[in-house]
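Remarks on the structure that follows.
Here, each number is a calculation from the coordinates, and none is a lab measurement. Since the model is a prediction, treat every value here as computed from it, not as a measurement. FYI the Cβ positions are ideal-geometry reconstructions off the backbone, even for glycines, and counts take in every protein chain you see.
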Protein chains: 2
Amino acid sequence: MGEIRKKGAQAKAAGLKLAALDYETRQNALKEIKDALIEDKNAIFAANEEDLKRAEEENLASPLLKRLKFDEHKLKDVTDGIDSLITLENPIGKTTLETELDDGLILTRKTVPLGNLGIIFESRPDAFVQISTLALKSGNAVMLKGGREALSTNRALFEAVRKGGARAGLPDGWIQNLESREEVNEMLALDDLIDLIIPRGSNAFVRYIMDHSIIPVMGHADGICHVYVDKDADLDKAVRIAVDSKTQYPAVCNAAETLLVHEDVKDAFLPKFKDALREKPVELRGDASVREVIDAEEASPEDWSTEYLDYILSVKTVKDLQEAVDHINHFGSHHTDSIVTENRETADRFLTGVDSACCFHNTSTRFSDGYRFGFGAEVGISTSKLHARGPVGLEGLTTYKYILEGNGDIVADYADGKKHFTHKRIK
Amino acid sequence: MGEIRKKGAQAKAAGLKLAALDYETRQNALKEIKDALIEDKNAIFAANEEDLKRAEEENLASPLLKRLKFDEHKLKDVTDGIDSLITLENPIGKTTLETELDDGLILTRKTVPLGNLGIIFESRPDAFVQISTLALKSGNAVMLKGGREALSTNRALFEAVRKGGARAGLPDGWIQNLESREEVNEMLALDDLIDLIIPRGSNAFVRYIMDHSIIPVMGHADGICHVYVDKDADLDKAVRIAVDSKTQYPAVCNAAETLLVHEDVKDAFLPKFKDALREKPVELRGDASVREVIDAEEASPEDWSTEYLDYILSVKTVKDLQEAVDHINHFGSHHTDSIVTENRETADRFLTGVDSACCFHNTSTRFSDGYRFGFGAEVGISTSKLHARGPVGLEGLTTYKYILEGNGDIVADYADGKKHFTHKRIK
């Protein structure tokens, strides 16, 4: 058995034990992990210094260096995160259905952990703690592969998390630390040992994982989000929302990439919008109808399906709501799309017609996020329609099982007509 | 564009319209479809005669001929099924979460259809109506490929369902009928047009579909179900349950394939069980410890992972509950497993420890079924942990979307600390 398969088998076995572990032990383990991180902070900071030094030598860009840094401030963020995770309700063991099939034959559906998660993430080392504690809270074992830049920091964090978990009595092997790209490739083949892969990182990276795994993958590759300014929009509101959606943080998936404007309001809206962008230098790429009103680069057909992740915005006019909805369903990535309108009926048609995980009305696309949605932490945002959709918190790391309890009940009695189902819904 | 891609695009577009259609229209369409089936019954029966004649000429086995037959009796089953589907609650538009993020900024999560389903099923033509009406009730477009044997019957059923739907105002193209294996292969590649594939049929068939599709597949290939007779079992109950689990209908996925017996009760239980099988000729394949007590063939290592779907049962003794749980998690298919015991604590350890969609206590594995669970109809049983698990009814054909309604709210206000989230759970 290869080294990674061995780690996978250990995690799988530990996951089965975690699923049977009482909630108090898991909660206590979160506390112990927090304490261990604080105890080990000097070792963690020293390891981070090594990573930072190597990164500087390798001329890593300064925003990446900033993300890589793990200091007192980041430690505080991480331990605050654990405190808040502890206050969230237990996602496991919830009864979501209870039916009496017949007298004394009771069916219940209960939430259970998925089992063993494989999570691959890029540079930010605080993600190591965030993800491993989310997995623990939801009763899952986890195999983590962090960014190469954060190798030493992740190793130190791994040691602290493992130690804290062990003190609370978690099963050995519930957390596994992988360190190389080759190990990831081996991990992607362990479909008998890993229940779900969650990749976090650039589009190209997520796409690579999706294309190379036979294990189900949860996440999103593209985030092509739209703001549609309707003919019945409050134009001041529309400007605020479009500016925020594009510029509040352009490098992320929930930033807007395309602005659709109803042709009836283009003359009133576009100059106002352009004016509001004076302080935020956004390159506009417009269709012919847009360029009749404001200065803009000429949009090419590729622009409608491009995720810029930058201060660039494609702008198009549409003749009615349906054209906006059709454009979004065709070119969008089913992530987050927002309409600005004061017309309730138009808003409802948009919210129903747009086939995206998050459909917004009179708000910025940037609200699409697990923390802002009130889920506590998030493991990512899913653009898949199966299993979890949109921002994914603890709930998305669970599945359920059906439990049927009887007293010697057999199907033959029902097939023969001796007995009949009552199917009384208890819950 | 190829013929199948064109059909897929039509269904996808119709699915978007269906998602926006009011519930009354969908309910009325179910009634119209029922009426159309009754109106067209002579054409349907005549088409079925053609299929039956061809099948007889081709010497189809008699159980298959019986499944192929579509007569007044089957028509009644099918129209009764539609009546009962009409009485089920609307699975679409349910609010499953409602949170105030801040004053006037309201997040809701609502159930929505998956979109466009691709369903491939074998001979039974009544499945054509059952599946298409389940899809419609859950607001989904559907592309169906039935068995070759039922070609004429399915075509006649398709015409009636399409006609009834059109009378109620369903969007054109919401149902598509495929007729050849080549069309299925083309369909499996339409990952931009089809949201979910559901294959129904033999293991080999389901496995083929799973291996050849890039679209998510819901279903199960294997059904290796276990009955575990604990040392604290009521042995009469254990005999009833083991006999029913194996023999009530051995050709289906929820029939038991392996019996595990605690070694403390093997001497008392096994002869009793063997005696009860006198009327039902089941071939027993036992390990050495079993064969010390009763006559049985010698089990080979492959027996523990074989789905017989026949009057054959592998039998093994275990030294304790944990060995039973480990055996089931290792060799089972995570479908349905049952413990027989009077010990509450042992039962709970089994129900928690076994990693299967359906975990039963003191009941037959044969109860694992959408109808028996009270879900009305079922599209299949899923052994996946993602999305739907176990018997899948209407709920498994839905996903959800997050809807956020505000009044010009922007993220910058929260990032700047001007505003703060309240995160008040409304529902």
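Summary table
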item: For the protein assembly as shown, share of DSSP beta bridges that run antiparallel, in % to the nearest 5; result: 30 percent
item: Evaluated over the stretch A:1-56, the Cα radius of gyration and Dmax, each in Å; result: 16.6, 46
item: Neighbouring partner chain Cβ atoms per residue of B:347-354, average, 10 Å criterion; result: 4
item: Stokes-Einstein translational diffusion, the stretch B:347-427 - Kirkwood Rh over all Cα pairs, 1.567 mPa s, 4 °C, in µm²/s; result: 76 µm²/s
item: Tilt relative to chain A, helix A:266-276 - C-alpha long axis, 0 to 90 degrees, to 10; result: 70 degrees
item: Which of B:Trp174, B:Trp304 has the fewest Cβ neighbours within 10 Å, and the rest in rising order; result: B:Trp304, B:Trp174
item: Additional length obtainable on full extension of the chain from A:Thr96 to A:Lys17, 0.36 nm per residue less Cα span; result: 26.2 nm
item: With 10 Å bins from 0: P(r) over the stretch A:100-154, alpha-carbon pairs, percent; result: 22, 35, 17, 12, 8, 5, 0
item: Added length on full extension, which subtracts the Cα-Cα distance from 0.36 nm per residue, A:Glu182 to A:Asp416; result: 78.4 nm
item: Three semi-axes of the equivalent ellipsoid, the stretch B:225-367, Cα gyration tensor, whole Å, largest first; result: 19, 17, 15
item: Mean Cα-pair separation over length for chain B, i.e. relative contact order, pairs under 8 Å, 6 or more apart, %; result: 19 percent
item: Pairwise FRET efficiency - B:Ala204 versus A:Ile312, Cβ, R0 = 45 Å, nearest 0.05; result: 0.30
item: Nearest-0.05 FRET efficiency for A:Asp80 and A:Glu323, computed from C-beta distance (R0 51 Å); result: 0.65
item: Out-of-range pairs (alpha-carbon distance over 31 Å; input A:Lys274/B:Lys418; A:Lys419/B:Lys401; A:Lys74/A:Lys274; B:Lys34/B:Lys94; A:Lys6/A:Lys74); result: A:Lys419/B:Lys401; A:Lys74/A:Lys274; A:Lys6/A:Lys74
item: Selected from A:Val206, A:Leu196, A:Val217, residue furthest toward positive end of dipole (the stretch A:174-226; charges at beta carbon); result: A:Val206
item: Distance from the stretch A:308-366 to the stretch A:104-132 (C-alpha centre basis), Å; result: 32 Å
item: Nearest-to-axis residue of chain B, judged by beta-carbon position, where the axis maps B onto A, in Å; result: B:His387, 2
item: Rh (Kirkwood; distinct C-alpha pairs) - the protein assembly as shown, Å; result: 29.1 Å
item: Semi-axis lengths, Å, chain A, gyration tensor of Cα atoms, sqrt of 5 times eigenvalues; result: 42, 33, 18
item: Diffusion constant of the stretch B:165-226 at 4 °C, which comes from Stokes-Einstein with the Kirkwood Cα-pair radius and 1.567 mPa s, µm²/s; result: 96 µm²/s
item: Förster radius 60 Å - calculated FRET efficiency between B:Arg148 and A:Tyr371, Cβ distance, rounded to 0.05; result: 0.65
item: Antiparallel content of DSSP bridges confined to chain B, in %, to 5; result: 35 percent
item: Residue-wise HN-Hα coupling along the stretch B:349-358, computed from phi with Karplus coefficients 6.51, -1.76, 1.60 (Hz; x: Gly, Pro); result: 5, 5, 4, 7, x, 7, 8, 10, 4, 10
item: Angle in degrees between helix A:72-87 and the longest Cα principal axis of chain A, rounded to the nearest 10; result: 70 degrees
item: Cα principal axis extents for the stretch A:104-251, largest first, Å; result: 60, 58, 32
item: Estimated distance in nm for a label pair at A:Glu298 and B:Lys163, the labels positioned 7 Å out from Cα along Cα-to-Cβ; result: 5.5 nm
item: Mean Cβ neighbour count within 10 Å, used as a protection proxy, ranking A:396-407, B:237-248 highest first; result: B:237-248, A:396-407
item: For the stretch A:1-149, radius of gyration divided by Kirkwood radius, i.e. Rg to Rh on alpha-carbons; result: 1.09
item: Rounded tilt (10° steps) of A:41-57 against the dominant C-alpha axis of chain A; result: 40 degrees
item: Peptide A:410-419 - average C-beta neighbours from other chains (10 Å radius); result: 5
